[in-house]
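Presented below is the structure to which this report refers.
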Amino acid sequence: MTTLPLLRETPEKNKGWIHSYETSAGQDGPGWRLVVFLSGCLLRCQYCHNPDTWNMYSGREMTVDQVWSKVRRYRPLLKKGGITFTGGEPLVQAAFLKSLLRRAKEEGLHTAVDTAGFLGDRVDLEMMQNIDLVLLDIKSWDPEVYLRLTEKELEPTLSFARRLAENRRPVWLRYVLVPGITDVLEHIDGLARFAASLGNIERVDVLPFHQMGKSKWRDLGLEYKLESVKPPSREELDRAIAIFSRHGLLAC
């Protein structure tokens, strides 16, 4: 497998494409969050519930100032939380994300980035320091399963995870449990061992696969391969959570 070369510096960019916004509490970082969805993604995850974010140009082109005019409306709420950048894959627009992160820190906000890590080489030292929390989605521990599930290689994500650990950036690990695909106990155990070895994983969220995005695939004329897959049972979720817990990780 090949690892993408590390970029020494990512230039800033004042404009980018924003898909949408929403608010959340506790799931996308600590406290109340404004979640900003950036458009664009290179992965083609079979269970993606936002395939409408894949095309970067499907979003609305905005400047950093325009984004911040939206953010300021939520400022009283964000004092007890912060801002989370997601997608799509926010690192597709790394230069724009860098500018947004800098503005967020200038405004005194807690920052989180939700990423699959495949483009982690685009995170330079300044960006790293301006990210308070990374929500890292690792789709599978098995390279073949990962490739089949996302159409991309696993190693760049693992390399980024190691860099985050080296730079002592806090991480919430996210793992989607898909029956018949990501529920192999040996694979979950391998990921748990890796996560425990890093030393910076604050918690693990085992997320149940769902069919909420199915209609979007149909509307976009895309083949949805998981039509017949059912969500995992409570027992299956608890089994996966227990594996992470056995390795000393806080899992839920």
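No value in this document is a laboratory result; all are computed from the given coordinates. Just so it is clear, the model here is predicted, and its values are computed rather than measured. Here Cβ is always computed from backbone atoms with ideal geometry, including for glycine, and neighbour counts include all displayed protein chains.
Below is a table of values for the structure above.
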| read-out | value |
| --- | --- |
| Whole-Å semi-axes of the chain's equivalent ellipsoid (Cα gyration tensor) | 27, 21, 18 |
| Simple Cβ-charge dipole of the stretch 88-146, Lys/Arg +1 and Asp/Glu -1, about Cα centre, in debye nearest 20 | 240 debye |
| Using alpha-carbon coordinates, inclination of helix 94-106 to the longest axis of the chain, degrees | 70 degrees |
| Angle between the chain longest axis and helix 185-198 axis [Cα atoms, degrees, rounded to 10] | 40 degrees |
| Net charge dipole size for the chain [Lys, Arg +1 and Asp, Glu -1 on Cβ; Debye, nearest 20] | 800 debye |
| Charge sum, other residues only, whose C-beta stays under 11 Å from Leu222's C-beta, Lys/Arg counted +1 and Asp/Glu -1 | +2 |
| Cα-based helix-to-principal-axis angle, 234-246 vs the chain, degrees rounded to 10 | 80 degrees |
| Projected label distance in nm at Met212 and Lys225, using a 7 Å step from Cα toward the beta-carbon | 2.3 nm |
| Per principal axis, descending, Cα span of the stretch 1-134 in whole Å | 46, 32, 27 |
| Calculated from backbone phi, Karplus (6.51, -1.76, 1.60) coupling profile of the stretch 212-218 in Hz, x at Gly/Pro | 5, x, 4, 5, 5, 4, 4 |
| GNM flexibility winner over the chain from Leu38, Leu136, Leu78 (Cα, springs under 10 Å) | Leu78 |
| Subset of Lys13/Lys70; Lys105/Lys225; Lys15/Lys152; Lys79/Lys216 violating a 29 Å alpha-carbon distance limit | Lys105/Lys225; Lys79/Lys216 |
